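The values are calculated or read from the model by the stated rules, or taken from the named source; none is laboratory data. All of these numbers come straight from a predicted model, not from anything done at the bench. Here the Cβ is made from the backbone with ideal geometry for all residues, glycine too, and neighbour counts use every protein chain on show.
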Amino acid sequence: MPMSTNLLNHRLLSPARPLPPRDTHGPTPLSQCAPIADLAARARELDHLSRQIIPLLHAPLRDHVRHAGVRNDRVLLLVESPAWATRVRMDQSRILAAVRSLGLAATSVAAKVMPIQASDGDSATVQPPSPRAAQHMRAAAMAISDPDLRALFLEMAALADHSNTT
């Protein structure tokens, strides 16, 4: 019995086996990470299917569908407004016929609304800086030695002055 206790103590006190060596010359590229590669492949498949389905839809609807796919036996279309979602429901038989022409087994159609968002560069959404922000920009400009960068800060501060006079 004492021999087995010594063996147990020896295993508990012995150092752990070293890990196998690994490449430490930087991060592993995402393309070599299996889950990421699988996800990217699935995204490419879905995009390819969407590019096959959308051209088969009739003209007015085709221009308002952002993505198309098939999940189980349901065709799913992402449209830009509730009005186009209603149009999808009304044209369900025509959409099913188009999808079946690709050899896909589909029995129903669903539409989800995904509104088109305004672009970030839309000038209507840009607001001039507040007078307080302009004051801070002027103070920052005085601390900047680069003349071009200083000029940009002063130009941004001037936007606040211009908006207050109009």
Tell me, yes or no, whether the stretch 93-107 has at least one residue that is surrounded by 14 or more Cβ atoms within 10 Å (Cβ to Cβ) and either in contact (Cβ under 8 Å) with a residue 40 or more places away in the chain or at positive phi (or both). yes
Looking at the stretch 68-91, I want the residues that are in contact (Cβ under 8 Å) with a residue 60 or more places away in the chain and have a partner that is outside any strand (DSSP E or B) with Cβ atoms under 6 Å, at least 6 apart or on another chain. Which pairs are those? none
Matching residues in the stretch 84-99 - criterion: being in a helix (DSSP H, G or I) and either farther than 10 Å from Ile53 by Cα or touching a Phe, Trp or Tyr at 6+ places or on another chain (Cβ under 7 Å) (or both): Trp84, Ala85, Thr86, Arg87, Val88, Arg89, Met90, Gln92, Ser93, Arg94, Leu96, Ala97
Scan the stretch 29-41 and give yes if some residue there is at pLDDT below 90 and at positive phi, otherwise no. no
Could you tell me which residue of the stretch 61-84 is nearest to Ile95 (Cα to Cα), considering only residues that are under 18 Å from the mean Cα position of the chain (by Cα) and charged (D, E, K, R)? Arg66
With the requirement that a residue be within 18 Å of Gln52 (Cβ to Cβ) and part of a loop (DSSP other than H, G, I, E, B), what does the stretch 73-83 give you? Asp73
